[in-house]
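Trainee: This structure is in structure tokens; I'll ask about it shortly.
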Amino acid sequence: EYTSPYGDGGTFFAGKWHLGSFYEDSELYGGTTSSPVTHGFHHFNATVEVAPTATANCQCKSEWITDCMFGHYGKPNHCQPREGKDCCFNYWWDDPTSPHGVSNLTEPTPADDALYLADAFGRFLSDRRRRTSASSSSVSGKAGVRGGGGAADAYAYAYAESIVGPPAPFLAQISFHNCHTPFIGSDEYRSSCARNETCRPPRYGDSPYTSVELDDYSCLSQLDAAVGIILDALDNEGYYDNTLVRLTSDKGPEK
């Protein structure tokens, strides 16, 4: 009932779900369907559960493993590598043309997971704005939001018919994996901090930043940058002055 005022296609969930299976026919496999769609969202781009904050799906295919970044862990964490699929943390989205009602990424995710989610939101918002604009033409079926700029653009949504009219309100929830475990910074962010380019240099007598500290810094910085991208998207699409943005965190259960 809460999401119904936003009309067709007006709600979006991205990031960590962790509330059940995405398959719309999960009951056939002994599970229970409990996806963002069954909870009222029209569209989503999400992981079933917690995922690493860098190169999230790098263990989904053997040829992607060389892209994996493990940070201070030095090895796969939060999964059992010997069981294969347990280490595959992939992104899924709603797709009524798929046998199970969902599709997933067939390309590696970028090193910066927060950037992937900010990009996903930006494309949702741009498509929402375009579809509800009085000057937009009707677009049906699978909309052209499958980007051409690499892995961060490689997701897709299955939308219904275009809504023509003035820009309409929306509801979106972005549940970043940053900085829940396993928290891993990208090599770029870790290196820039270690070189004292983006971090305060250790004070005289202090030890150099540890690998754990570099990952923690990187995850926080990448999250901060992603929030900035989201705010820029709101501004670019004309929503900034009429949108309520709430930022919350529980930091996860682990110490």
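The values are calculated or read from the model by the stated rules, or taken from the named source; none is laboratory data. The structure presented is a predicted model; accordingly, all values stated were derived computationally and were not measured. With ideal geometry, Cβ positions are generated from the backbone for all residues, glycine too; neighbour counts draw on all protein chains shown.
Trainee: Do we find a residue being touching a Gly at 6+ places or on another chain (Cβ under 6 Å) and surrounded by 17 or more Cβ atoms within 10 Å (Cβ to Cβ) anywhere in the range 80-93? Let's see the steps before the verdict.
Mentor: Residues of the range 80-93 that are touching a Gly at 6+ places or on another chain (Cβ under 6 Å), as a first pass: none.
There is no residue in the range 80-93 that is touching a Gly at 6+ places or on another chain (Cβ under 6 Å) and surrounded by 17 or more Cβ atoms within 10 Å (Cβ to Cβ).
Trainee: So, of the residues in the range 235-255 that are charged (D, E, K, R) and under 26 Å from Gly74 (Cα atoms), which turns out to be modelled with the highest pLDDT?
Mentor: Within the range 235-255, the match that is modelled with the highest pLDDT is Asp250.
Trainee: OK, next. Any residue at all in the range 2-20 that is within 25 Å of Cys219 (Cα to Cα), among the hydrophobic types (A, V, I, L, M, F, W, C), outside any strand (DSSP E or B) and within 16 Å of the chain's Cα centre (by Cα)? Outline the logic, then answer.
Mentor: Of the range 2-20, the ones within 25 Å of Cys219 (Cα to Cα) are 12-19.
Subsequent filtering for residues that are among the hydrophobic types (A, V, I, L, M, F, W, C) retains 12-14, 17, 19.
Those left that are additionally outside any strand (DSSP E or B): 17, 19.
When the remaining residues are screened for being within 16 Å of the chain's Cα centre (by Cα), the result is 17, 19.
For the range 2-20, residues within 25 Å of Cys219 (Cα to Cα), among the hydrophobic types (A, V, I, L, M, F, W, C), outside any strand (DSSP E or B) and within 16 Å of the chain's Cα centre (by Cα): present.
Trainee: Could we say that Ala160 is surrounded by 15 or more Cβ atoms within 10 Å (Cβ to Cβ) and modelled with pLDDT under 90 here? I'd like the intermediate steps shown before the answer.
Mentor: Numbers: surrounded by 15 or more Cβ atoms within 10 Å (Cβ to Cβ): no; modelled with pLDDT under 90: yes.
Judged against the criteria, Ala160 is not a match.
Trainee: Kindly provide the set of residues from the range 189-198 that are of a type outside the set (Lys, Arg) and surrounded by 14 or more Cβ atoms within 10 Å (Cβ to Cβ), ordered by number. Show your work before the answer.
Mentor: Of the residues in the range 189-198, the ones of a type outside the set (Lys, Arg) are 189, 191-194, 196-198.
Within the range 189-198, Tyr189, Ser191, Ser192, Cys193, Ala194, Thr198 meet the criteria.
Trainee: Moving on. Check off (1) touching a helix residue (DSSP H, G or I) at 6+ places or on another chain (Cβ under 8 Å); (2) within 21 Å of Asp119 (Cβ to Cβ) for Asp67 and give me the number that stays unchecked.
Mentor: (1)
Trainee: Shifting gears a bit: Give me a count of the residues in the range 237-255 that are in contact (Cβ under 8 Å) with a residue 60 or more places away in the chain and under 16 Å from Gly122 (Cβ atoms).
Mentor: Count: 3.
Trainee: Which condition does Lys75 not pass, out of (1) in a loop (DSSP other than H, G, I, E, B); (2) buried (at least 17 other Cβ atoms within 10 Å of the Cβ), if it passes all the others?
Mentor: (2)
Trainee: When you look at Val50, is it in contact with a strand residue (DSSP E or B) (Cβ under 8 Å, 6 or more places away or on another chain), over 16 Å from Ile174 (Cβ atoms) and surrounded by fewer than 24 Cβ atoms within 10 Å (Cβ to Cβ), yes or no? Walk me through how you get there before you give the answer.
Mentor: Numbers: in contact with a strand residue (DSSP E or B) (Cβ under 8 Å, 6 or more places away or on another chain): yes; over 16 Å from Ile174 (Cβ atoms): no; surrounded by fewer than 24 Cβ atoms within 10 Å (Cβ to Cβ): yes.
When the stated conditions are applied, Val50 does not pass them.
Trainee: Can you confirm whether the range 217-234 contains a residue that is modelled with pLDDT under 90, within 30 Å of Ser4 (Cβ to Cβ) and acidic (Asp, Glu)? I'd like the intermediate steps shown before the answer.
Mentor: First, the residues of the range 217-234 that are modelled with pLDDT under 90: none.
No, the range 217-234 contains no residue that is modelled with pLDDT under 90, within 30 Å of Ser4 (Cβ to Cβ) and acidic (Asp, Glu).
Trainee: Would you check if Ile174 is of a type in the set (A, V, I, L, M), at pLDDT 95 or above and buried (at least 16 other Cβ atoms within 10 Å of the Cβ)?
Mentor: Numbers: of a type in the set (A, V, I, L, M): yes; at pLDDT 95 or above: yes; buried (at least 16 other Cβ atoms within 10 Å of the Cβ): yes.
Yes: the conditions hold for Ile174.
Trainee: Something else about it: Looking at (1) free of Cβ contacts under 8 Å to residues at least 40 places away in the same chain; (2) not in a loop (DSSP other than H, G, I, E, B), which is the only condition Gly40 fails?
Mentor: (2)
Trainee: Of everything in the range 164-215, what is assigned to a loop (DSSP other than H, G, I, E, B), touching a residue at least 12 places away in the same chain (Cβ under 8 Å) and of a type in the set (S, T, N, Q)? Give them in sequence order.
Mentor: Asn178, Thr181, Ser186, Thr198, Thr210
Trainee: Determine whether the range 43-64 contains at least one residue that is in a loop (DSSP other than H, G, I, E, B), touching a Pro at 6+ places or on another chain (Cβ under 7 Å) and of a type in the set (Phe, Trp, Tyr).
Mentor: Within the range 43-64, not a single residue is in a loop (DSSP other than H, G, I, E, B), touching a Pro at 6+ places or on another chain (Cβ under 7 Å) and of a type in the set (Phe, Trp, Tyr).
Trainee: Give the residues of the range 87-108 that are under 15 Å from Val50 (Cα atoms), part of a loop (DSSP other than H, G, I, E, B) and touching a residue at least 40 places away in the same chain (Cβ under 8 Å), sorted by residue number. First the steps, then the outcome.
Mentor: To start, the set of residues in the range 87-108 that are under 15 Å from Val50 (Cα atoms) comprises 87-92.
Restricting the remaining residues to those that are part of a loop (DSSP other than H, G, I, E, B) gives 88-91.
Selection gives Phe89, Asn90, Tyr91.
Trainee: Within the range 94-120, work out how many residues are touching a helix residue (DSSP H, G or I) at 6+ places or on another chain (Cβ under 9 Å) and under 29 Å from Thr66 (Cβ atoms). Outline the logic, then answer.
Mentor: Filtering the range 94-120 for residues touching a helix residue (DSSP H, G or I) at 6+ places or on another chain (Cβ under 9 Å) gives 100, 105, 107-120.
Checking which are under 29 Å from Thr66 (Cβ atoms) leaves us with 105, 107-120.
Residues meeting the conditions: 15.
Trainee: Consider the range 199-226. How many of its residues are surrounded by fewer than 16 Cβ atoms within 10 Å (Cβ to Cβ) and within 27 Å of Phe89 (Cβ to Cβ)? Lay out the reasoning, then the answer.
Mentor: Start the filter on the range 199-226 by keeping residues that are surrounded by fewer than 16 Cβ atoms within 10 Å (Cβ to Cβ), which leaves 200-208, 210-212, 224-225.
Now drop any that are not within 27 Å of Phe89 (Cβ to Cβ), which leaves 210-212, 224-225.
Qualifying residue count for the region: 5.
Trainee: In the set Ser133, Ser98, Ser103, which member is surrounded by 17 or more Cβ atoms within 10 Å (Cβ to Cβ), small (Gly, Ala, Ser), at pLDDT 90 or above and out of contact with any Lys or Arg (no Cβ under 9 Å at 6 or more places or on another chain)? If you could, list the steps in order and put the result at the bottom.
Mentor: On the way: Ser133 fails: at pLDDT 90 or above; Ser98 fails: surrounded by 17 or more Cβ atoms within 10 Å (Cβ to Cβ).
Sole residue among the options that is surrounded by 17 or more Cβ atoms within 10 Å (Cβ to Cβ), small (Gly, Ala, Ser), at pLDDT 90 or above and out of contact with any Lys or Arg (no Cβ under 9 Å at 6 or more places or on another chain): Ser103.
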